[in-house]
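Read the structure below first, then the notes.
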Amino acid sequence: MKNWKFGIAGGVAVLGSMLAVSHAFAADPIKIGVVLPTSGGLASYGLTMIDGVKLAVQEINDAGGINGRQLEYVARDSQTNPNVASAAAKELISKEGVKAIIGAVSSGVTLAVSEVAKQEKVVLFAPAARAKSITGEKLHKYVFQGIKTTDDEARDLANILKDQGAKKVCMTGYDYAYTTDLFEAMKSELGNIPITGEFLVKLGTNDFSTLISQLQANECDAVLGALFSGGFVAFAKQAKPFGFFESKKVVWAASVASTEVTTQLKQDYPEGMWAGAFDFWYYDGSEAHKKFQDGIAKIEGTKETGMYALNGYRAMYFIAEAMKKAGSDDPDAVVAALEGLTIETPLGPVTMDAKTHRVDAAEFYGPVVTVAGSDVKRMSPINLVK
Amino acid sequence: MFTNPTFMAIQVLNSLSLAMNLFIIASALTLIFGVLRIVNFAHGAFYMIGAYVLYSVVGSFGETDLGFWTGVIAAGVVMAAVAYVVERFLLSRLYDKEHLLQLLFTFALVLIIKDAVKMIWGSLQYSVSYPPMMSGAVNLGITYYPTYLLFLCILGPLVAIGLWLGLEKTRWGRILRAARLDREMLGALGTDVTKVFSAVFVIGAAMAAIGGALAAPRVAVDPGMDALVIIDCFIIVIIGGIGSLWGSFVGALILGFLTVFGTLIFREWEIVLVYVMMIGVLLVRPWGLFGQPEAERH
Amino acid sequence: MATRGQTIFLILLFVALALVPLAGERYPLELAVQLMIFGLFAMSLNVLIGHVGSISFGHAAFFAIGGYACAYFQTRLGWPIFVSMPAAIGLTAVCALIIGYFCVRLTELYFAILTLAFSMLVWAVAFKWTEVTGGGDGFVGITAPDFMSNPVLFFWFTFAIVAVSVGLLWLLSNSTMGKTFIAIRENPTRADFLGVNVRRMRLIAFVIAGAFAGIAGALLSFYVRGMFPESAFWTQSGQVMIMVLLGGMHSFVGPILGAVVIYVLETFISQYTQYWPIVLGTILLLIVMFAPDGLIGMFRSIGRRMSMRGRRNA
């Protein structure tokens, strides 16, 4: 039996591979970790956000970097799986030596990475998850939320519903933390307007025929929808032949006025429905916004860019400005600098609240309508809501 | 709510249209399952390919009726070609191997197909409209109902009858049924079993793709669209009985009604209900409602 | 059954692991902890696949149950770790006993599908039972003993538990029971004929496999300070099965080797490309087509060829 030889060979190989991966990290550029989905159903959000991060890094480095040091981002695929994202965050921290991480998209994954950030005392900037638990019950010193929470979103949506004269509201969305958070906030924001029905469907479902008839049978005159992206697309297509969007006042949460969604649905997008978005490539409100869009267009190779680029871009600028202000990349100093920090963004100044670790970023709300010269509907008029 | 006849009529139609769309996909799975004895995890990925092919064809033809139906056929043809290559050069070498290897082979296909789809079409979501001739709704007297969904309600039984005639009345069907019962005997009698297997795999894959193309106007076409449909198909096949055509028809109806009325009654706990149902059937009648117990099981 | 070569490999592997903290760097420690957890998970599945030949496609259920139970006992009930962890493992074993009682009545494909259905049920419950599991967002932030904040101590904790577990599995595989398991795998009818209660032995294997998966899950919950429904989803069961197959399902150390290779490849390849799944799919395809006995099988056949050449030269 020569088996033991292979035992030794195998053992040496495993040991070797472990040592091989432990090469030392260079200290010179400041590395920022990025944990976002680049595969699976949410990949397009992750990839678009990374484009935004990339543009911000380019601009910052062209302007001389941070305190003389160049900036670099290191991206890892979260696979929209909390275990994978946690391991990736630990790898970024212990091997790449990052002191700050941008991530993630879904609330569960963001909370998982936040837990790592808390343990490892590293800054986590959550660019796209709205769940209020991130900076609510799970708030800690090192986590910051770079997007309006469900509480803010509920206030904006409730105002729209009130403006439209809604008398009785029913609500629908995926059975998921985002939706339950949002609906809870809606209840207090709507005040004396009664909620006559709440319809949750299982996450990932794309057959909405039952839901549509339930909503139509309900006594409500207004519907607040919260199905996101693909779910909304499927819902809109399935609801159209039922005349659903003509039968009720419909207002949609979850930023479905985005170019991502309107481009998909084209003429199937419900005409005149009110919804929101983080950014539009066709918004021409300021020089800064135009410059940002030109930069993203160059990276993506199309001028019709997705709205998530802004989230990545803004997150990177927040971290970079905080590091400049702190004069170091030490997480405790960066946290202190981030608290109360105001930065200029393509949509105007945004402040990170010192106490709540939440931002007051403006978002767009308005009706999505057919515009001349485009087969994709657009928001018009555009309202920038702070 | 349950006393409102219009509402109930719509719910029944909803159950039927969902069931029939799933049936077209699941009947192909049960065919592969029954004849090849392979748990095909890649069935959802085949379904996804169909939807993407339809999207591309509609994109180049424009959103016309011709574009849509060409796309549906193209979905089947493209998938059949891919499946033929996969079966000939890879899968056919595994027939005499362990179940585990076959199962993992289809799992490998899932991983490869999903990434290949992402390389070809990107990671964005796409959407396809209903074909123009079916974009409206039909007055059924009691209520209006979308034409396309009615079309699915009618297409399902037609597919079932077509498959049944094919299996019962043709020589090919007899060979297939024989292959399901005893492949060694069939081989000994001089039939080229490998050709039978190849044909079943190709037809099954093409049907999954056509099912995906037909589902495309109702859903968002995205890289994650395969994950749930495969579980739905497993549930249907298990409830109905592996290899049983009418079993999967009834299984699809049960799942369709369970999904719609389960959602109405149990609300979001319906998610648990379907798995309980699946486990229940497996325990009481592992061979399904319409399947036959196998002699070799111990 | 573990051969002498495999036993030596195991000993060397643990010696190598024990040397990792000497490197004085963080990342090898983290990687080693992750490898040990997933290695143990894969080895637990191999009790079913490799020993009794039952292909479970729902093994992630027990991984998740162990993790959730441990998280709940630690955090909500405030039990100390030496109570909560054994209790979590015990609960997982009880769940495995209940689920296994039903599953072992079926064989082959039906067994695989029933285990899949049960694991999806566990997933659905984990997703819905928000009060206990945290629902879709997962159980985030578990109360861990203080020593676990120290990466080196956490490494030793994991090392000790995994080493003891692997030792127990080694004893099992070399025991009379282990040999009975293999007899069942090779020919259940004959085993039955020889007076073995096949169904009961398969149930015992199911419970053992479930309990060790529960240990791995409990370790993971401490490591990531949480537990998430994704851990029970069928793709997680698929991943661990790939690890077992890649390493070699009929050998004792194969699964741990498979776990190491898959995990290390995933970690490094996904740093360079977003197309890791296609790489994994291709590896899996090649293994299935050309090396169904996995890496261990490849080593063995290379070894046989080399020793044959050696004899010819002599």
Kindly express, to the nearest 10 degrees and within the range 0 to 90, the angle between helix A:177-189's C-alpha long axis and the longest C-alpha principal axis of chain A.
50
In chain B, whole DSSP H helices that both stretch 15 Å or further along their axis by alpha carbon positions and average at least 0.0 on the Kyte-Doolittle scale are B:5-36, B:43-61, B:65-89, B:99-121, B:147-169, B:193-215, B:226-240, B:245-266, B:270-284
Built amide H within the under 5 Å cut-off of A:Val143, gap 5+
A:Leu124
In the Gaussian network model of chain C, springs joining C-alpha atoms below 10 Å, which of C:Gly58, C:Gly67, C:Gly135 carries the largest mean-square fluctuation?
C:Gly135
Shape category assigned to chain A from the gyration tensor of Cα positions, a/c cut at 1.5:
prolate
Residue by residue through region A:326-337, what is 3J(HN,Hα) from phi via Karplus (6.51 cos²θ - 1.76 cosθ + 1.60, θ = phi - 60°)? Round to whole Hz and write x for glycine and proline.
6, x, 7, 9, 5, x, 5, 5, 5, 4, 4, 6
Mind scanning A:Lys138/B:Lys118; A:Lys290/A:Lys386; A:Lys240/A:Lys298; A:Lys99/A:Lys355; A:Lys132/C:Lys128 and naming the pairs with a C-alpha gap bigger than 30 Å?
A:Lys138/B:Lys118; A:Lys240/A:Lys298
What angle, in degrees between 0 and 90 and rounded to the nearest 10, separates the Cα long axis of helix A:43-62 from the longest principal axis of the Cα atoms of chain A?
60
Under 5 Å from the placed amide H of A:Gly197, counting only residues 5+ away or on other chains, we find A:Met171
Have a look at A:Ser286, A:Ser133, A:Ser106 and tell me which one the Gaussian network model of chain A (Cα, springs below 10 Å) gives the largest fluctuation.
A:Ser286
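Give me the dipole magnitude in Debye, nearest 20, for chain B about the Cα centre, with unit charges on the beta carbon: positive for Lys and Arg, negative for Asp and Glu.
Numbers: 17 positive and 17 negative charges, 94 e Å.
The dipole of chain B has a size of about 460 debye.
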Separation of region C:109-183 and region A:56-88 by C-alpha centroid, Å?
33
For chain A, longest principal axis from Cα atoms; helix A:287-300 axis from its Cα atoms; angle between them, nearest 10 degrees, is 70
Distance from a point 7 Å along Cα→Cβ of A:Ser247 to each backbone N in region B:126-166: keep the residues under 19 Å and list them by number.
B:135-151
Using modelled backbone amide H atoms (1.01 Å from N, in-plane), which distant-in-sequence or interchain residues come within less than 5 Å of A:Met273's amide H?
A:Val368
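According to the square roots a ≥ b ≥ c of the eigenvalues of the Cα gyration tensor, what is the shape class of region A:126-214, taking rounded for a/c under 1.5, prolate for a/b larger than b/c otherwise, and oblate for the remainder?
oblate
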On a full-extension model of 0.36 nm per residue, what is the gain between A:Asp360 and A:Arg69, subtracting their alpha-carbon distance, rounded to one decimal in nm?
101.8 nm
Just want the answer: with Cβ charges of +1 for Lys and Arg and -1 for Asp and Glu, which residue in C:Thr107, B:Ala206, B:Ala137 is farthest toward the dipole's positive end in the protein assembly as shown?
C:Thr107
Note to self: C-alpha centroids of region B:107-185 and region A:157-209 sit apart, in Å, by 34
Amide N of region A:358-379 lying under 17 Å from the label point, which is placed 7 angstrom from the Cα of A:Lys303 along Cα→Cβ
A:371-379
Prolate/oblate/rounded call for the protein assembly as shown, Cα gyration tensor, a/c under 1.5 rounded
oblate
Chain B, helix-only ellipticity at 222 nm - DSSP H runs n ≥ 4, -39,500 (n - 2.57), divided by all residues, nearest 500:
-24500 deg cm²/dmol
How high is the relative contact order of region B:23-225, given as a whole-number percent (alpha carbon pairs under 8 Å, six or more residues apart)?
45
For chain C, list the DSSP H helices whose alpha carbon atoms reach 18 Å or more along the long axis and whose average Kyte-Doolittle value is 0.0 or above?
C:4-19, C:26-46, C:60-75, C:81-103, C:108-128, C:151-174, C:198-224, C:234-247, C:254-272, C:276-290
Sort by residue number and report every cysteine in the protein assembly as shown with no other cysteine beta carbon within a distance under 4.7 Å.
B:Cys153, B:Cys233, C:Cys70, C:Cys95, C:Cys103
Taking Cα pairs under 8 Å and at least six residues apart, what relative contact order does region B:45-133 come out at, in percent?
38
Candidates C:Phe157, C:Phe147, C:Phe212: whichever shows maximal mean-square fluctuation once chain C is modelled as a Gaussian network with Cα springs under 10 Å:
C:Phe147
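Each reported figure results from applying straightforward, stated rules to the coordinates on display, with no laboratory input. All of these numbers come straight from a predicted model, not from anything done at the bench. Positions of Cβ are generated from backbone atoms using ideal geometry, with glycine treated the same way; all protein chains shown enter the neighbour counts.
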